[in-house]
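Scroll down for the structure; my scribbles are underneath it.
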Amino acid sequence: AGEKESGIRSVWLTDKNHGLIWETALGGRFSFLRYGTDNAAHPEGWQFDFEGAALPRVDPHLESSPLIAVDFRMGLLSTWSFGPNAFKMGYYHLSSHIGDEFLIANPAFVRLNYVRDSGIVGWTHNFTPAAQIYGEIAYAFGHEDGALPLEMQYGVQYRPPVPGIRGAPFCGINGHTRQDFGYGTSLNIVAGWQWWSAENNSTFRIGGQYYDGPSLQYSFVNRHETLTGWGIWFDY
């Protein structure tokens, strides 16, 4: 349920103040090096990954669905998994950009060059093969225009490893606390149905999403959003 993770998704959300918006992501995580077991469903060992994604928002009301804003994320991660625990450590960069059409339609808008360059560490614990808790902390040693150094994420998730065409339910709750907003916390909840592959641990999901907190697009650092809708997610 982490709202800014690299991956593939397409989510249609209704904002009580701005109507229907379309949030998407195109990216993922790609392994360069790995040492460990060959069990794709429950791997143990060490891995080094590259992650990256474009996270745009478009306006589906207007002709050609113009771009409102887009956040870009990229990073390098080292992960370890042993028994019920998994750990990660690495770096990620996030920068925010406003769409040209939005600037033309809103000439008084003051563009901010919101940037984060952060070191990050995290931990996940498996209570069962289906249920996990996790937490992570990131510190931006480089930051601009509204970004402040410290952020934390934490949550619980239920994603049963049930293969086959029938699938299984899933749900996740994520909290995201950011120094940017006086350590205020956003809440993101996702739930629905998933199809999981035992061969490569990839998952396709459909379901609903509820979000309350600072804008999902970091260019709007002073905007609070309450969003509800539905979408599709593909994790690999």
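The values are calculated or read from the model by the stated rules, or taken from the named source; none is laboratory data. Note that the structure is a prediction, hence the values are computed from the model and not measured. For the accessible areas, the whole protein counts, side chains as well, though only heavy atoms, and no ligand, DNA or RNA atoms are used. Shrake-Rupley method; radii C 1.70, N 1.55, O 1.52, S 1.80 Å.
For the chain, compute Rg over Rh where Rg is the Cα radius of gyration and Rh is the Kirkwood radius from the inverse mean 1/r over Cα pairs. Show your work: numbers first, answer last.
Working: Rg = 17.9 Å, Rh = 18.6 Å.
Dividing the radius of gyration by the Kirkwood radius yields 0.96.
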Task: Fraction of accessible area attributable to carbon and sulfur, the chain (%, probe 1.4 Å) - done: 65 percent
TODO: Grab the Cα-Cα distance for HIS42 and ALA191, subtract it from 0.36 nm times how many residues apart they are, and report the gain in nm with one decimal.
DONE: 51.4 nm
TODO: With springs only between Cα atoms under 10 Å apart, run a GNM on the chain and tell me which of PHE72, PHE82, PHE32 wobbles the most.
DONE: PHE32
TODO: Could you go through the range 198-214 in sequence order and give the Karplus-derived ³J(HN,Hα) for each residue, using 6.51 cos²θ - 1.76 cosθ + 1.60 with θ = phi - 60°, rounded to whole Hz, and x for Gly and Pro?
DONE: 6, 6, 9, 6, 7, 9, 10, 10, 10, x, x, 9, 10, 9, 9, x, x
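Please compute the length gained on full extension between ASN85 and SER65, using 0.36 nm multiplied by the number of residues separating them and subtracting their Cα-Cα distance.
The ASN85-SER65 span can extend by a further 2.9 nm.
For the range 41-123, what does the equivalent ellipsoid look like in terms of its semi-axes, each the square root of 5 times an eigenvalue of the Cα gyration tensor, given largest first in whole Å?
Gyration-tensor ellipsoid for the range 41-123: 37, 15, 8 Å.
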Task: Probe 1.4 Å, protein heavy atoms only - accessible area per residue of the range 80-236 in square angstrom - done: 49 Å²
Open item on the list: Whole-Hz ³J(HN,Hα) for each residue in the range 50-67, computed from phi via Karplus 6.51 cos²θ - 1.76 cosθ + 1.60 with θ = phi - 60°, x for glycine and proline: what do you get?
Closed with: 10, 10, x, 6, 9, 10, x, 10, 10, 9, x, 6, 9, 4, 6, 6, x, 6
Task: Amide H contacts under 5 Å for ALA147, placed H, 5+ residues apart - done: VAL115
Task: In order through the range 174-186: 3J(HN,Hα) via Karplus (6.51 cos²θ - 1.76 cosθ + 1.60), integer Hz, x for Gly, Pro - done: 10, x, 9, 9, 10, 4, 3, 10, x, 6, x, 10, 8
- [ ] Report relative contact order for the range 79-203 in percent, whole number only (criteria: Cα-Cα under 8 Å, sequence separation at least 6).
- [x] 17 percent
Open item on the list: Compute a Gaussian network model of the chain, connecting alpha carbons closer than 10 Å, and tell me which residue from ALA108, ALA40, ALA191 fluctuates the most.
Closed with: ALA108
Open item on the list: Of the candidates GLY213, GLY83, GLY28, which one comes out as most mobile in a Gaussian network treatment of the chain with C-alpha springs shorter than 10 Å?
Closed with: GLY83
- [ ] Report, by chain and number, residues whose modeled amide H sits under 5 Å from the one on ASP15, excluding near sequence neighbours (fewer than 5 apart, same chain).
- [x] LEU20, ILE21
